[in-house]
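Below is one structure, written out as structure tokens; comments come after it.
The values are calculated or read from the model by the stated rules, or taken from the named source; none is laboratory data. This structure is a prediction, so every number in the text was calculated from the model and none was measured. Reconstructed Cβ throughout: ideal geometry from the backbone, glycine too, with neighbour counts over all protein chains shown. These area figures cover heavy atoms from the full protein model, side chains too; ligands, DNA and RNA do not enter into them. Shrake-Rupley method; radii C 1.70, N 1.55, O 1.52, S 1.80 Å.
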Amino acid sequence: MKPSSSILLGVACATTFAAGCSSTVATVEGPEHRQKLGIPHPVAVNLDDKRADPATFAASINGSDITQAFVFNDDEVTLSDEFVYEPTTGRTPHQLTVTAEPALNAKGRPMGKSFEQTLTFFPPSLSLQGNVGMGANSRINVPQDGRTSVMVKLPQAPHRETTLTIRPVATDAQVVGDISADDMINCIALNDSEPGEAITLTIMPGQRVAVFTVRGHTTGVNELRAEAPGYVATAIDVYIDSPAVTAAVNTY
């Protein structure tokens, strides 16, 4: 073979190898980098119908596997509309990472290169306002058999009907005495429900606030968790005090 032919063949091989290695097996559609969202934003992964191996698709958020939260529709994989984001520490953004491997050709060679992409963004967050304190320092404090109103707020009015779930949960805080998780959960009742039961609230398009009632059932402490699809869940501390004792004095 002539030297010139060897050079041309080498260039051709290099070009083919480079094209094969740069073959994209997937693309991602989602929030922009560090975007702060006011309403939920869809996340979709488009797998190349020839180069990608769908069985290798995986997803995680902040290091936790959420592959099962994605729904396959042919070559498009989308994050479920029912997915609820868990809060991060220190108000840091969420990092959603998706990966996929290339399919193999008849000779067992990969049709492209491994795919990985991370979306870094701030999903919309719910907030709860109790009857004591403001903002992050807010809490709920009512006596046994007492009641108060609590407000849950969206960061921005949604374009569609949004359903929120509010439920009492056992607190992680250290408490005095032997209090079981069930005792914590059942120390309050929401709206007209039985103690410990969850409720749902609906916020209509164009609105962003809903109000519900917390009733003290028994003395205790817990947290109230609010969540909605596409939003970051939030929680607020609840304290139920012993009823005040008053003495009646008869005068003659």
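Data for the structure
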read-out: Under the Karplus curve 6.51 cos²θ - 1.76 cosθ + 1.60, θ = phi - 60°, whole-Hz ³J(HN,Hα) for the range 149-162, x wherever Gly or Pro sits; value: 9, 10, 10, 10, 10, 8, x, 8, 5, x, 8, 9, 4, 10
read-out: Whole-Å distance, taken between Cα centres, linking the range 178-239 and the range 71-135; value: 27
read-out: Listed residues N73, V150, T92: farthest to the positive end of the dipole of the range 25-183 (Cβ charges); value: T92
read-out: Accessible area per residue in Å² at 1.4 Å probe, computed on the range 85-204; value: 57
read-out: Surface share of carbon and sulfur [accessible, 1.4 angstrom probe, percent] for the range 138-241; value: 43
